[in-house]
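For reference, the structure discussed in these notes is given below.
The values are calculated or read from the model by the stated rules, or taken from the named source; none is laboratory data. Fair warning: this is a prediction, and the values are worked out from it, not measured in the lab. Here the Cβ positions follow ideal geometry from the backbone for every residue, glycine too, while neighbour counts run over all protein chains shown.
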């Protein structure tokens, strides 16, 4: 079968299973199998696909038709112009989380933030992105999931060079929140924690992601409230978190009581999605 024919057949199958962006996803899957770009696929439209590659392609297509996220099939996800390894052990990066990076940029550029802790490192996208952007920072990144830390280790190794020295800039710790971590020198605590209420209805494909990275408790804001308490107790000057769209009121109150002044930001849909807070008392 030729590349152009395979793409048309794949698009037809994905469309039948109500998969969004069927042509794009067909191109991504075939590009993954053939280890090439979508642009090259179209340039090679008349080329025959080797039988083993064709079998691999339709196996991947079948997984997608069953509702498996495409990122788990290709084992990669894009975040802040970088490609990260992901699998079923970690949350799939969302575009909204890039806004959290943007929200703390001014802290690193103008407030001399050097020592950072990330809680819930997952695949490592936040810590690695910050470490690649800023040469003079050091990070402690924790996660309660050993599996997630294994994925973060893989991504750190992938992006590590002698020049950026990521393996030494980012220290991974297996713990809950910041338990057992030295906190007295921390300038910033950053997190994209689980913040979905346990009863909130999610699409089936989202439920394939680790539940410990999705659900924050009965209300959803429980871990965020714990993070505020940890930051305040340890007098961490800055706190930056992603959050649920309906949690601003409870978090604003908690931050104020903890002595933080917070600026909230919105996501691409105009929904409240996170905050950056400074300790003022």
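This table checks each residue for (1) under 30 Å from residue 18 (Cα atoms); (2) loosely packed, with under 12 Cβ neighbours inside 10 Å; (3) without any contact (Cβ under 8 Å) to a residue 60 or more places away in the chain; (4) not assigned by TED's automatic domain parsing to the domain that holds residue 18.
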{"residue": "171", "(1), (2), (3), (4)": "no, no, yes, yes"}
{"residue": "179", "(1), (2), (3), (4)": "no, yes, yes, yes"}
{"residue": "190", "(1), (2), (3), (4)": "no, no, no, yes"}
{"residue": "196", "(1), (2), (3), (4)": "yes, no, yes, yes"}
{"residue": "199", "(1), (2), (3), (4)": "yes, yes, yes, yes"}
{"residue": "203", "(1), (2), (3), (4)": "yes, yes, yes, yes"}
{"residue": "206", "(1), (2), (3), (4)": "yes, no, yes, yes"}
{"residue": "215", "(1), (2), (3), (4)": "yes, no, yes, yes"}
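What helices (runs of 4 or more DSSP H) lie completely within the range 20-66 and have 2 or more residues being within 14 Å of residue 1 (Cα to Cα) and at pLDDT 95 or above? Where helices (runs of 4 or more DSSP H) fall fully within the range 20-66 and carry at least 2 residues being within 14 Å of residue 1 (Cα to Cα) and at pLDDT 95 or above, they are 22-34, 51-65. From the list 244, 270, 259, 220, the lone residue that is assigned by TED's automatic domain parsing to the domain that holds residue 178 and touching a helix residue (DSSP H, G or I) at 6+ places or on another chain (Cβ under 8 Å) is 259.
Scanning the range 144-169 for residues that are surrounded by 21 or more Cβ atoms within 10 Å (Cβ to Cβ) and out of contact with any strand residue (DSSP E or B) (no Cβ under 7 Å at 6 or more places or on another chain) yields one hit, 148.
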